[in-house]
């Protein structure tokens, strides 16, 4: 028959004095020396709550997702697609080629405009830096800064409008072959 492990017993009132000497001798004989008995720690309720929160906060590791089946040789190389499917794929590829060819000049124009805008803004900033370095007083530096922003605020707005117009043209020219293909389909 298997033996059960002993459960720790609830603390009894050991501090009470025994009723008679015989029971006092018996109690002292049963006691182990103080150095060998394990001491029980008293844990505050807050510490126990914190431990419980930590234990419940640990989420179980998610189960790995099953791998989808791999279709090996779903279409054999010697098999050919049907004529209508091949024609549709060929037509779609030709339409994409036309779209890219039509978009190339517009994309180059947008990129060139971006470079021109960046160069104009850098030159204006360098001119401002040169003028600020030559300023004789803080008031003159403030005046130069105000003039820079006053002159360039309108320039920034016109640059943004030009870029927006070029981008719209780029999208229109790139989408035209795609729209024509969809209309034919």
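Every number here is computed from the coordinates shown, using simple stated rules; none is lab data. These figures come from a predicted structure and were not determined experimentally. Cβ coordinates were reconstructed from backbone atoms using ideal geometry, including for glycine residues, and neighbour counts include every protein chain displayed.
The table for this structure:
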{"item": "Burial ordering of 117, 182, fewest other beta-carbon atoms within 10 Å first", "result": "182, 117"}
{"item": "Gained length - residue 179 relative to residue 82, 0.36 nm times residue gap less alpha-carbon distance", "result": "32.4 nm"}
{"item": "Extension reserve of the residue 104-residue 67 stretch, reckoned as 0.36 nm per residue once the Cα distance is removed", "result": "9.1 nm"}
{"item": "The stretch 101-130 and the stretch 141-183: distance between their alpha carbon centers, rounded to Å", "result": "11 Å"}
{"item": "The stretch 83-184: relative contact order in percent, alpha carbon pairs under 8 Å with at least 6 residues between", "result": "57 percent"}
{"item": "Order of 155, 128 - criterion: other Cβ atoms within 10 Å of each residue's Cβ, fewest first", "result": "155, 128"}
{"item": "Efficiency of FRET from Cβ geometry, residue 123 and residue 168, R₀ 35 Å, rounded to 0.05", "result": "0.80"}
{"item": "Packing-based exposure ordering (other Cβ within 10 Å, fewest first) of 110, 115", "result": "115, 110"}
{"item": "Förster radius 45 Å - calculated FRET efficiency between residue 93 and residue 135, Cβ distance, rounded to 0.05", "result": "0.15"}
